[in-house]
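The values are calculated or read from the model by the stated rules, or taken from the named source; none is laboratory data. These numbers were taken from a predicted model, which means no experiment stands behind them. Heads up, the Cβs are rebuilt from the backbone with ideal geometry, glycines too, and the neighbour counts pull from every protein chain shown.
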Amino acid sequence: MSQSTGAKTCYCRAHSQHIPIRTNHQTPYDARPTELNGLMDNQMTSPTLAAAQFCSIRGQLKHNLAGHLAFMQRAADLGADYLLFPELSLTGYEPDLAHELALSPNDACLEPIRAMAMHLQLMTTVGVPLKGPGGSIEVGALTFTAHGDVIAYAKQYLHPGEDAVFSPGSEDCYLQLNQHRIGLCVCADFSHPEHVQRLSEGGSGVYAASVLISPGGYAHDSELLAGHARRHRLPVLIANHGGPTGGL
């Protein structure tokens with residue numbers, strides 16, 4: 001699901017369809033819902049997953065939130081059960097604004113996403129700078145479940161230089177989607193083989209990567225993620241930004 005004009009690549013092996021759609025903002029999008037038929041236990045109902053290749057506007061939380069709600073509606077219209085947004089999708093990848101824009105998981109401004117996830121019965125993961133312990137800031141991924149719960153995850157492996165602003169998380173995150181388990185990853189997490197190894201051994205049926213990958217790094221990183229999929233026999237769902245953010 002993309003706001004960009006160029007097509008992106010889905011590394012789930014069951015990539016099923018490509019449907020151009022429009023929202024009431026008259027902005028072109030591409031929807032790529034992916035059914036995991038044949039990749040999970042055939043006795044289970046296979047979920048439909050969607051990746052939102054969102055174009056974040058620098059620091060414009062209100063504008064970006066409205067765009068997230070539009071993506072959620074279109075994903076639900078296409079039959080998705082789970083929607084993944086890119087790294088720091090609600091604010092853009094803007095470390096210099098992270099302290100100003102950081103939120104708590106239960107912040108009132110996030111209530112529209114929680115309500116929409118329940119209304120649409122669509123589990124949704126969004127990217128946001130999170131307030132951590134002791135005044136720290138984390139690269140967060142918040143998952144809003146169809147039952148109204150909010151699950152917080154903090155990126156564990158930081159890129160060089162990110163530690164000047166962000167603190168790393170310390171716990172893995174698993175999302176339960178009906179009978180299926182999704183292992184959550186934020187960007188540089190996937191650069192560390194031990195991360196996907198742990199999530200695979202922990203019973204994940206999908207590795208969901210919320211990322212910011214620049215054009216120059218796309219070939220390397222996509223091959224790395226494809227290698228994880230082959231090595232662990234684990235479908236990989238990637239949500240990358242659909243346009244520049246943070247100078248990348």
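From 200, 204, 170, 191, grab the single residue that is of a type in the set (S, T, N, Q), modelled with pLDDT of 95 or more, more than 23 Å from residue 57 (Cβ to Cβ) and surrounded by fewer than 13 Cβ atoms within 10 Å (Cβ to Cβ).
Within the list 200, 204, 170, 191, the selection yields 170.
Could you list, in sequence order, all residues of segment 63-72 that are closer than 13 Å to residue 128 by Cα and either in contact with a Cys (Cβ under 6 Å, 6 or more places away or on another chain) or in contact (Cβ under 8 Å) with a residue 40 or more places away in the chain (or both)? Outline the logic, then answer.
So in segment 63-72, the residues closer than 13 Å to residue 128 by Cα come out as 64-65, 68.
Listed by number, the residues that qualify are 65, 68.
Applying the selection to segment 132-165, what residues are assigned to a strand (DSSP E or B) and either touching a helix residue (DSSP H, G or I) at 6+ places or on another chain (Cβ under 6 Å) or surrounded by fewer than 18 Cβ atoms within 10 Å (Cβ to Cβ) (or both)? Break it down stepwise before answering.
So in segment 132-165, the residues assigned to a strand (DSSP E or B) come out as 137-144, 150-154.
Those that are assigned to a strand (DSSP E or B) and either touching a helix residue (DSSP H, G or I) at 6+ places or on another chain (Cβ under 6 Å) or surrounded by fewer than 18 Cβ atoms within 10 Å (Cβ to Cβ) (or both): 137, 144, 150, 151.
Given the criterion touching a Ser or Thr at 6+ places or on another chain (Cβ under 9 Å), among the small types (Gly, Ala, Ser), in contact (Cβ under 8 Å) with a residue 60 or more places away in the chain and buried (at least 24 other Cβ atoms within 10 Å of the Cβ), identify the matching residue among 80, 51.
Values: 80 fails: in contact (Cβ under 8 Å) with a residue 60 or more places away in the chain.
One residue alone meets the criteria, 51.
Counting residues that are modelled with pLDDT under 50 and either among the charged types (D, E, K, R) or more than 27 Å from residue 204 (Cα to Cα) (or both), which strands (runs of 3 or more DSSP E) fully inside segment 1-105 reach at least 1?
Counting at least 1 such residues, we get 19-22, 28-31.
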